[in-house]
Amino acid sequence: MPSENAAATPIGTPGVADFLGKSIEAICPFGFGKAGDDQNHCAHFVGHALRWAAGVGLTCDGLLPAKLPSSHAMYGQRGALVRVNQLFTHVAGKTVLDTTAKYPDIQKGLIFVSLTSNFTNDFTEMGNHPRKHVGIVIANEVFHYGNTQDAVRKDSLTQFVKRMTGAYGGVVTFVTTGLPASAGV
Ligand SMILES: [Zn+2]
């Protein structure tokens with residue numbers, strides 16, 4: 001069942017911690033995504049958690065197999081962006097994270113990761129390689145959707161970097177950004 005509470009919870013008020021342990025089935029009020037499906041829901045989670053309704057791109061409501069009935073609470077509303085690279089296009093303050101130095105203090109922001117070869121040379125745009133991920137950083141902790149466990153999890157920045165570097169193999173780059181203006185945080 002879609003959770004009204006999750007859909008309406010902006011980060012920062014009780015906090016993104018309310019999403020911890022929840023699967024995409026509890027997060028998406030449109031009903032797109034099932035635990036165990038082969039979709040990557042990391043951007044989808046970020047979109048709903050931040051109530052991110054702006055920006056050009058593929059949204060979850062557009063991926064539903066059928067139109068919602070007019071009786072549905074989300075009928076006629078726009079869903080969340082679901083592609084990591086399309087979220088990346090719409091945020092400002094892109095800064096490559098130097099993983100060899102002391103990490104910066106990040107109170108609110110996003111962190112993106114992909115294979116270095118999947119970014120443009122100036123790290124302002126990202127391609128569509130499947131190895132890409134995004135999380136919300138609050139007080140130096142990363143809240144992100146774990147597609148293997150199908151639940152929102154939390155890692156320290158250090159743990160996140162270690163985990164994703166290990167998961168992706170090859171040369172990866174992490175880019176921190178601000179939150180989108182539409183996040184309402
Ligand atoms: Zn959704």
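Structural remarks
- For residue 105, the requirement of being in contact (Cβ under 8 Å) with a residue 24 or more places away in the chain, within 16 Å of the ligand (Cβ to nearest atom) and either within 12 Å of residue 42 (Cβ to Cβ) or out of contact with any strand residue (DSSP E or B) (no Cβ under 9 Å at 6 or more places or on another chain) (or both) is not met.
- Count - residues of region 138-149 that are closer than 13 Å to residue 176 by Cα and surrounded by fewer than 22 Cβ atoms within 10 Å (Cβ to Cβ): 3
Rundown of residues vs (1) more than 23 Å from residue 19 (Cα to Cα); (2) assigned to a loop (DSSP other than H, G, I, E, B), yes/no style:
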| residue | (1), (2) |
| --- | --- |
| 74 | no, yes |
| 91 | no, yes |
| 99 | yes, yes |
| 122 | yes, yes |
| 143 | no, no |
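- Sub-6 Å Cβ pairs linking a first residue in region 13-28 that is among the polar types (S, T, N, Q) to a second residue that is modelled with pLDDT of 85 or more, at least 6 apart or interchain, are 23/35; 23/150; 23/151, ordered by first then second residue.
- Residue, surrounded by the most Cβ atoms within 10 Å (Cβ to Cβ), within region 19-70, restricted to residues that are among the small types (Gly, Ala, Ser) and within 9 Å of the ligand (Cβ to nearest atom): 47
- None of 86, 149 is of a type outside the set (D, E, K, R) and more than 16 Å from the ligand (Cβ to nearest atom) except 149.
- Inter-residue pairs, beta-carbon under 7 Å, first on the phi > 0 side of the Ramachandran plot and in region 66-95, second more than 15 Å from the ligand (Cβ to nearest atom), 6+ apart: 93/177; 93/178
- Residue within region 6-17 that is at pLDDT 90 or above, within 11 Å of the ligand (Cβ to nearest atom) and surrounded by 18 or more Cβ atoms within 10 Å (Cβ to Cβ) present: no
The values are calculated or read from the model by the stated rules, or taken from the named source; none is laboratory data. Computed from a predicted model, the values in this text were never measured in an experiment. All Cβ positions, glycine included, derive from the backbone under ideal geometry; neighbour counts span all protein chains shown.
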